[in-house]
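Participant: This is the structure I want to talk about, given as structure tokens.
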Amino acid sequence: MAPPNPDAEAHQQLIDKLDIHALRKPFRNPHWRPNQRRNKNIKAIIGDAVRKEASLMPTQDNSGAATPLVDDSIVSTDGDNTPLSTADSVMQPNLAQASRNLSKLVLEKNLRSNGMSMAPNATYTNIESAPSLAHPRHYCDITGLPAPYTDPKTRLRYHNKEIFGVIRTLGQGVAEQYLEARGAHTVLK
Amino acid sequence: MAPSATEPTSTQATESQNTLPPPHLYLPRETHFEKYLESQPDGYRKAVSQLSGNTAIVIDNGSSTTRAGWSFEESPRLNIAPIFSRYRDRKLGKTYSFVGADVYSDTNARGHMRNAFEAASGIVSNWDVMESILDYVFLKLGIDGANGSVDMPIVMTEAVANLPYSRKSMTEIIFECYSAPSLAYGIDSLFSYDYNNGKTGLVVSSSHSSTHLIPVLNSKAILSQATRLNWGGSQSAEYLLKLIRLKYPTFPGKLNSSQMEYALQDHCYLSKDYDLELSTYLDWTGLEDRDHIIQYPYTEEVVVQKSEEELARIAEKRKESGRRLQEQAAKARLEKLIRKEQELDYYRDLQRKIANESKKEVKRLLDSEDMKDEAALERTIKELDKSIRKARTKDVGGEVEEEVEEPDFSLLEVPDDQLDEAGLKQKRHQRLMKSNHEARARAKAEKEREKARVAEEKRIDEEKRENDLEGWLQERRNARAELVQKMKDRERLKADLGNRKSLASQIRMKSIANLASDTPTKKRRRGGDDDNFGANDDDWGVYRQIAVGEGSDDDEEEDFSANLKALEADLLKYDPEFTDQHTLDAQTDWTKSLVHAFLRGPRPFDHTSQQEAHQIHLNVERIRVPEVIFQPSIAGLDQAGIVEIAADILTQRLPGSGVPHEAFLQDIFLTGGNVLFQNFDERLREGLRACLPAGAPLVTRRAKDPVLDAWKGAARWAGGSAWRSAAVSREEYLEKGGEYLKEHDLGNAYS
């Protein structure tokens with residue numbers, strides 16, 4: 001064992017003091033057991049949401065008729081309006097219908113309330129800004145100065161011939177890193 | 001990359017070097033552990049003593065900082081980074097958890113650091129971390145949890161158009177884990193707008209992870225027109241880090257994004273006219289003001305500096321030992337001389353003795369001295385005499401005059417049959433001597449001729465110069481250009497050889513393989529048996545070609561530069577158009593180099609200095625990085641810049657949906673930490689003005705405190721009636737589920 005070092009001891013004391021793991025947290029519910037797989041990234045969350053929506057879609061919209069509130073529980077192909085044929089088939093769609101109708105009701109209420117009936121609801125994905133319509137200016141990849149030229153070999157933009165000399169002496173892969181800073185690198189899949 | 005800057009040659013350089021003041025060095029800042037934060041139970045006691053239902057815990061759950069405090073206070077009590085670290089110390093058998101800046105207190109903890117938010121977004125993705133941060137918040141706010149819960153209403157901010165899953169998870173944690181009585185969500189930038197008494201306007205919120213533009217009409221956000229640009233402070237910091245790493249690929253210091261965040265705050269600003277300012281940014285004039293130097297810590301290499309005295313002592317010592325050696329040599333020489341003189345005397349005596357002796361006696365005497373005959377004795381005496389004289393003159397320091405005496409070639413004319421054996425030998429010796437003598441004379445004549453030839457050449461050259469100066473100069477110029485080209489080619493070849501895949505390298509590998517092979521390919525193709533390698537002198541050049549690395553062609557390079565110097569000296573002397581500025585040295589001088597200005601600023605760079613190796617020069621980056629929010633294409637982000645988005649909202653989307661847009665123009669409101677850049681509001685105003693009808697009333701304003709106003713707004717809102725109607729109580733949660741949300745003016749819509 002190493003001899004006790006005053007610095008190390010002080011540090012140990014400090015981190016013991018800072019540690020919150022050992023502290024009692026009486027305000028927490030001791031029975032709280034979160035879902036083990038609750039950590040999802042945005043891509044996974046959106047993917048799940050899209051899948052969920054897709055599973056709702058056919059029951060809601062495949063009729064194509066303008067009467068979504070009435071007909072969509074009927075997925076049978078026989079064509080006659082006798083949805084309450086068996087008790088079994090009543091229970092299942094009714095649950096789905098209830099939840100679906102709630103979300104739909106909220107949606108419709110929103111559409112009415114904000115006065116812009118055509119505007120879709122704001123979601124994380126659809127509020128993202130669209131690509132620019134402006135003509136992008138070209139800047140030197142090395143220095144950031146205005147760049148009138150492009151090197152056909154590395155595809156780097158450059159300011160003048162001195163920078164061109166630098167580009168031609170770049171090591172392997174460095175040009176690609178410069179392109180990556182501008183998001184113009186080649187992505188191999 | 002940078003040309004040698006150790007010896008600035010041009011006058012401009014030396015001048016500016018003298019006039020430039022010593023640079024101002026900035027130190028890098030980064031987040032670090034400061035001190036232990038005490039739990040503050042006084043706020044909780046005050047909250048409990050107040051009327052229940054009027055106070056709440058307000059948490060601004062931002063991706064850069066989690067700010068938490070009491071709704072009845074002016075400012076948040078806690079400002080903690082949303083980071084968390086948990087690790088198990090195996091030696092002590094103990095698990096440690098740290099939150100916020102405490103993570104930086106220990107290297108082990110730093111290694112296990114995790115962020116609650118998904119990188120570069122305002123969405124929580126790690127709920128274990130989020131829970132720990134909330135634990136920390138409630139601990140430090142002094143919640144005693146007497147009844148096993150956080151018995152205070154909670155107001156929390158969330159991202160614009162937060163994902164339903166994220167909101168549901170947060171709601172679950174608040175109600176299930178902490179059993180809070182009620183919870184209300186709102187959007188941070190709208191709280192900030194409300195706090196600054198905004199009613200109708202366009203909220204531009206540029207924060208740590210993203211930038212949002214939200215039109216607000218009569219205090220109600222029109223979320224369907226909200227737009228997000230995926231660029232904020234954290235992306236800027238990452239971008240700057242990327243640029244610096246590319247700029248200084250071999251930087252010895254440690255770079256991280258936290259330092260870059262501080263560098264953004266301290267050194268970067270938005271240019272009022274980006275293209276104009278950019279085009280002259282690296283110009284020589286005023287570069288010392290635009291170029292900011294960040295000095296990273298370094299250890300100076302200790303060069304043992306010897307004092308004057310020590311140096312003198314060492315020189316003295318060296319001289320002393322030299323003198324001693326000289327003395328010894330002189331002594332040895334003297335001894336040798338004396339011995340030789342004695343020998344000479346002895347032989348002279350012998351000669352005298354021989355003169356009057358009989359032939360037999362002479363023979364005996366000579367034999368005892370190992371000599372053949374009198375001639376040999378004579379020769380010995382002569383030689384001794386000569387060497388003594390030589391040594392003497394050398395001792396006194398005089399010139400040794402080599403007496404060139406025409407050797408005796410008399411016997412060569414005599415036919416062999418007239419000579420006896422000794423004569424024949426002598427003749428052979430004389431023949432040898434003669435050819436020797438003649439060869440020496442020939443070499444001498446050759447030398448003379450060469451000298452004459454050079455002189456003649458010089459004369460012709462001079463004549464030519466006098467008669468046809470222009471032609472002569474042109475010749476020089478061409479020669480110089482050729483030489484410069486040759487040097488460049490050599491450099492390129494060298495660079496190419498560094499790359500394994502280049503043509504030059506491949507040719508080199510081929511020649512090596514060919515040389516090593518027993519059956520070179522070329523020979524077989526030609527069909528000859530002998531490859532006659534070496535018949536042509538140029539064949540040996542192949543060994544020069546394949547040699548790479550240090551010292552492979554130093555001598556040749558040396559040659560090139562010497563030749564170039566001579567040519568340039570001639571041109572300088574006689575060509576009126578060729579000035580100091582035209583020499584290669586001056587042209588590759590660092591004062592001419594844009595790359596030098598970019599990398600090392602306006603001062604010379606010393607390769608050996610550790611201090612300068614640990615410096616980062618921020619120049620173009622100071623405006624290049626903040627500019628991304630106006631031109632996202634700079635950083636490869638395929639989205640419109642904020643001016644374009646704002647103009648689109650104001651001139652297309654709002655009028656299109658029937659909302660009068662003039663009112664919005666009156667109040668363009670800036671909030672969020674990323675709008676703190678100098679000139680942000682001015683830049684946005686000028687950019688927008690260009691997109692709006694002439695004379696349109698346009699007012700931009702900044703939040704009083706762009707960073708804290710979101711929390712303050714939420715705290716103010718938490719006391720009022722709007723809050724009471726927007727908060728979801730625990731009972732409502734239990735009845736209606738985790739996705740249940742009450743919409744209000746400052747919050748997200750249910751989706």
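Participant: What number of residues in the stretch A:9-33 are open to solvent by less than 100 Å² (accessible area, probe 1.4 Å) and within 7 Å of chain B (Cβ to nearest Cβ)?
Facilitator: 13
Participant: How many of the residues in the stretch A:133-156 are closer than 18 Å to B:LEU599 by Cα and either away from every other protein chain (no Cβ under 11 Å) or not in a loop (DSSP other than H, G, I, E, B) (or both)?
Facilitator: Selection size over the stretch A:133-156: 2.
Participant: Just give me the residues in the stretch B:280-317 being open to solvent by 100 Å² or more (accessible area, probe 1.4 Å), of a type in the set (S, T, N, Q) and within 30 Å of A:TYR139 (Cβ to Cβ), in sequence order.
Facilitator: Scanning the stretch B:280-317 gives a single hit, B:THR285.
Condition check ((1) of a type outside the set (A, V, I, L, M); (2) under 16 Å from B:LEU202 (Cα atoms)) across all residues:
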site	(1), (2)
B:ASP638	yes, no
B:GLY641	yes, yes
B:ASP648	yes, yes
B:VAL659	no, yes
B:THR671	yes, yes
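Participant: Let me ask you something else. Starting from the stretch B:572-593, keep only residues that are over 27 Å from B:GLU466 (Cβ atoms) and surrounded by 12 or more Cβ atoms within 10 Å (Cβ to Cβ), then list their pairs with residues that are modelled with pLDDT of 75 or more and among the hydroxyl-bearing types (Ser, Thr, Tyr) whose Cβ atoms are within a distance under 9 Å, requiring at least 6 positions of separation or different chains.
Facilitator: Close Cβ pairs satisfying both conditions: B:LEU584/B:SER561; B:ALA586/B:THR579.
Participant: Let me ask you something else. Within the stretch B:616-626, does at least one residue satisfy the condition of being open to solvent by 40 Å² or more (accessible area, probe 1.4 Å) and either over 30 Å from A:ALA181 (Cβ atoms) or hydrophobic (A, V, I, L, M, F, W, C) (or both)?
Facilitator: There is no residue in the stretch B:616-626 that is open to solvent by 40 Å² or more (accessible area, probe 1.4 Å) and either over 30 Å from A:ALA181 (Cβ atoms) or hydrophobic (A, V, I, L, M, F, W, C) (or both).
Participant: Next up: For the stretch B:297-317, does any single residue satisfy the condition of being within 14 Å of chain A (Cβ to nearest Cβ) and not in a helix (DSSP H, G or I)?
Facilitator: no
Participant: Name the residue, out of B:GLU450, B:GLU421, that is farther than 30 Å from A:GLU162 by Cα, out of contact with any helix residue (DSSP H, G or I) (no Cβ under 9 Å at 6 or more places or on another chain), at pLDDT 85 or above and not aromatic (Phe, Trp, Tyr).
Facilitator: B:GLU450
Participant: Against the definition (over 25 Å from A:ALA44 (Cα atoms), part of a strand (DSSP E or B), touching a strand residue (DSSP E or B) at 6+ places or on another chain (Cβ under 7 Å) and more than 12 Å from every other protein chain (Cβ to nearest Cβ)), how does B:ALA68 come out, yes or no?
Facilitator: yes
Participant: A follow-up question, please. From the list B:ARG77, B:ARG114, pick out the single residue that is over 15 Å from B:GLY62 (Cβ atoms) and open to solvent by 70 Å² or more (accessible area, probe 1.4 Å).
Facilitator: One residue alone meets the criteria, B:ARG114.
Participant: Residues to consider are B:PRO706, B:PRO697; find the one that is outside any strand (DSSP E or B), surrounded by fewer than 21 Cβ atoms within 10 Å (Cβ to Cβ) and at negative phi.
Facilitator: The conditions single out B:PRO697.
Participant: Under the condition of being of a type in the set (D, E, K, R) and farther than 30 Å from B:TYR281 by Cα, which residue from the stretch B:614-664 is modelled with the highest pLDDT?
Facilitator: Checking each candidate, the answer is B:ASP648.
Participant: If A:SER129 satisfies all but one of (1) more than 7 Å from every other protein chain (Cβ to nearest Cβ); (2) over 27 Å from B:ALA495 (Cα atoms); (3) in contact with a helix residue (DSSP H, G or I) (Cβ under 8 Å, 6 or more places away or on another chain), what's the number of the condition it fails?
Facilitator: Result: A:SER129 passes all but (1).
To keep it simple, each residue is scored yes or no on (1) of a type in the set (Phe, Trp, Tyr); (2) assigned to a helix (DSSP H, G or I); (3) touching a Ser or Thr at 6+ places or on another chain (Cβ under 9 Å).
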| residue | (1), (2), (3) |
| --- | --- |
| B:SER321 | no, yes, no |
| B:LEU325 | no, yes, no |
| B:ARG333 | no, yes, no |
| B:GLN342 | no, yes, no |
| B:TYR346 | yes, yes, no |
| B:GLN351 | no, yes, no |
| B:GLU357 | no, no, no |
| B:LEU365 | no, yes, no |
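Participant: Let me ask something else. Out of (1) more than 12 Å from chain A (Cβ to nearest Cβ); (2) touching a residue at least 24 places away in the same chain (Cβ under 8 Å); (3) open to solvent by 40 Å² or more (accessible area, probe 1.4 Å); (4) not charged (D, E, K, R), what's the single condition that is false for B:ALA562?
Facilitator: (2)
Participant: Same structure again: State the number of residues belonging to the stretch B:216-249 that are in a helix (DSSP H, G or I) and closer than 30 Å to B:PHE191 by Cβ.
Facilitator: Qualifying residue count, the stretch B:216-249: 11.
Participant: B:VAL216: more than 12 Å from chain A (Cβ to nearest Cβ), hydrophobic (A, V, I, L, M, F, W, C) and either open to solvent by 10 Å² or more (accessible area, probe 1.4 Å) or under 19 Å from B:GLU627 (Cβ atoms) (or both), yes or no?
Facilitator: no
Participant: Is the stretch B:157-164 home to any residue that is buried (at least 24 other Cβ atoms within 10 Å of the Cβ) and away from chain A (no Cβ under 11 Å)?
Facilitator: yes
Participant: Of the conditions (1) more than 9 Å from every other protein chain (Cβ to nearest Cβ); (2) of a type in the set (Ser, Thr, Tyr); (3) farther than 30 Å from B:TYR239 by Cα, B:SER85 fails just one. Which one is it?
Facilitator: Here B:SER85 clears every test but (3).
Participant: Something else now. Do the conditions hold for B:LYS458, that is, is it over 20 Å from B:GLU383 (Cβ atoms) and open to solvent by 80 Å² or more (accessible area, probe 1.4 Å)?
Facilitator: Criteria met by B:LYS458.
Okay, residues lined up against (1) touching a Leu at 6+ places or on another chain (Cβ under 7 Å); (2) at the interface with chain A (Cβ under 7 Å from one of its Cβ atoms); (3) within 15 Å of B:SER63 (Cβ to Cβ); (4) open to solvent by 10 Å² or more (accessible area, probe 1.4 Å):
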residue	(1), (2), (3), (4)
B:PHE98	yes, yes, no, no
B:ALA101	no, no, no, yes
B:THR107	no, no, no, yes
B:SER125	no, yes, yes, yes
B:LEU134	no, no, no, no
B:ASP151	no, no, no, yes
B:VAL155	no, no, no, no
B:CYS177	no, yes, no, no
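Participant: Out of the helices (runs of 4 or more DSSP H) lying entirely within the stretch B:519-579, which hold 1 or more residues that are at pLDDT 75 or above and not β-branched (Val, Ile, Thr)?
Facilitator: Because the criterion is at least 1 residues that are at pLDDT 75 or above and not β-branched (Val, Ile, Thr), the helices (runs of 4 or more DSSP H) in the stretch B:519-579 that meet it are B:541-546, B:554-574.
Participant: What is the number of the single condition among (1) open to solvent by 50 Å² or more (accessible area, probe 1.4 Å); (2) outside any loop (DSSP other than H, G, I, E, B); (3) within 8 Å of chain B (Cβ to nearest Cβ) that A:TYR178 does not meet?
Facilitator: It fails just one condition, (1).
Participant: Still on this model: Can you find a residue that is part of a helix (DSSP H, G or I), open to solvent by 40 Å² or more (accessible area, probe 1.4 Å), within 23 Å of B:TRP723 (Cβ to Cβ) and more than 10 Å from chain A (Cβ to nearest Cβ) anywhere in the stretch B:48-65?
Facilitator: For the stretch B:48-65, residues part of a helix (DSSP H, G or I), open to solvent by 40 Å² or more (accessible area, probe 1.4 Å), within 23 Å of B:TRP723 (Cβ to Cβ) and more than 10 Å from chain A (Cβ to nearest Cβ): present.
The values are calculated or read from the model by the stated rules, or taken from the named source; none is laboratory data. Computed from a predicted structure; not experimentally measured. Every residue, glycine among them, receives a Cβ derived from its backbone with ideal geometry; neighbour counts consider all protein chains shown. Accessible surface areas use protein heavy atoms only, side chains included; no ligands, DNA or RNA. Shrake-Rupley method; radii C 1.70, N 1.55, O 1.52, S 1.80 Å.
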